[in-house]
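As structure tokens, the structure follows; a few thoughts come after it.
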Amino acid sequence: MALASFHNQVLELSGIICSGNVTETQSTIECALDLVSHLVVSLDKINMLDLSGVFMLYLIQERARKKQKNIILTGTQNEAVKKAFNMAGVNIC
């Protein structure tokens, strides 16, 4: 299960983002994004991310753009995150 902490426009996720909790995690991010126009999502403490999580992060970024909001992912050099993005064929550099 992914845990979330929201403070000063930074949403820090930790734990696992997988098909079992991706909907809940997406709702958490969308709620935080409703409160601010600029959101930083920290992935530094993610232990595991599967393909559904990668796709959800992509969808969140697209929805933010459509709402004219800014979302930045940090912690993309985290090994679990890098592995998931590489397996999905997504360039995060």
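Return a yes/no flag: does region 83-90 have any residue that is β-branched (Val, Ile, Thr) and either part of a strand (DSSP E or B) or in contact with a strand residue (DSSP E or B) (Cβ under 9 Å, 6 or more places away or on another chain) (or both).
Quick first cut of region 83-90, residues β-branched (Val, Ile, Thr) only: 90.
Then keep just the ones that are either part of a strand (DSSP E or B) or in contact with a strand residue (DSSP E or B) (Cβ under 9 Å, 6 or more places away or on another chain) (or both); that gives none.
The answer is no, given that none of the residues of region 83-90 is β-branched (Val, Ile, Thr) and either part of a strand (DSSP E or B) or in contact with a strand residue (DSSP E or B) (Cβ under 9 Å, 6 or more places away or on another chain) (or both).
Looking across region 72-93, just one residue is at positive phi and surrounded by fewer than 15 Cβ atoms within 10 Å (Cβ to Cβ), and that is Gly89.
The residues of region 9-20 that are surrounded by 15 or more Cβ atoms within 10 Å (Cβ to Cβ) and either over 17 Å from Ser42 (Cβ atoms) or acidic (Asp, Glu) (or both), listed by number, are Glu12, Cys18. Is it the case that some residue within region 49-64 is more than 18 Å from Thr28 (Cα to Cα) and either outside any helix (DSSP H, G or I) or hydroxyl-bearing (Ser, Thr, Tyr) (or both)? Scanning region 49-64 turns up no residue that is more than 18 Å from Thr28 (Cα to Cα) and either outside any helix (DSSP H, G or I) or hydroxyl-bearing (Ser, Thr, Tyr) (or both).
In the set Ser52, Ser42, Ser14, which member is in contact with a Leu (Cβ under 6 Å, 6 or more places away or on another chain) and under 22 Å from Asn91 (Cα atoms)?
Working: Ser52 fails: in contact with a Leu (Cβ under 6 Å, 6 or more places away or on another chain); Ser42 fails: in contact with a Leu (Cβ under 6 Å, 6 or more places away or on another chain).
None of the other options fit; the residue is Ser14.
Within this structure, Leu35 fails the test of being surrounded by 13 or more Cβ atoms within 10 Å (Cβ to Cβ) and within 20 Å of Gln9 (Cβ to Cβ).
When you check Lys69 against the structure, is it at pLDDT 95 or above, in contact with a His (Cβ under 8 Å, 6 or more places away or on another chain) and surrounded by 14 or more Cβ atoms within 10 Å (Cβ to Cβ), yes or no?
Values: at pLDDT 95 or above: yes; in contact with a His (Cβ under 8 Å, 6 or more places away or on another chain): yes; surrounded by 14 or more Cβ atoms within 10 Å (Cβ to Cβ): yes.
For Lys69, the condition - at pLDDT 95 or above, in contact with a His (Cβ under 8 Å, 6 or more places away or on another chain) and surrounded by 14 or more Cβ atoms within 10 Å (Cβ to Cβ) - is met.
Scanning region 37-53 for residues that are of a type outside the set (Gly, Ala, Ser), touching a strand residue (DSSP E or B) at 6+ places or on another chain (Cβ under 9 Å) and free of Cβ contacts under 8 Å to residues at least 40 places away in the same chain turns up His38, Leu39, Val40, Val41, Leu43, Asp44, Lys45, Asn47, Met48, Leu49, Asp50.
Quick check on region 55-66: of everything there that is closer than 19 Å to Asn91 by Cα and either among the hydrophobic types (A, V, I, L, M, F, W, C) or in contact (Cβ under 8 Å) with a residue 60 or more places away in the chain (or both), which residue is surrounded by the most Cβ atoms within 10 Å (Cβ to Cβ)? Filtering first and then ranking leaves Leu57.
The values are calculated or read from the model by the stated rules, or taken from the named source; none is laboratory data. Because the structure is a prediction, the values reported are computed rather than measured. For neighbour counting, all protein chains shown are included, and Cβ atoms are generated from backbone atoms with ideal geometry for every residue, glycine included.
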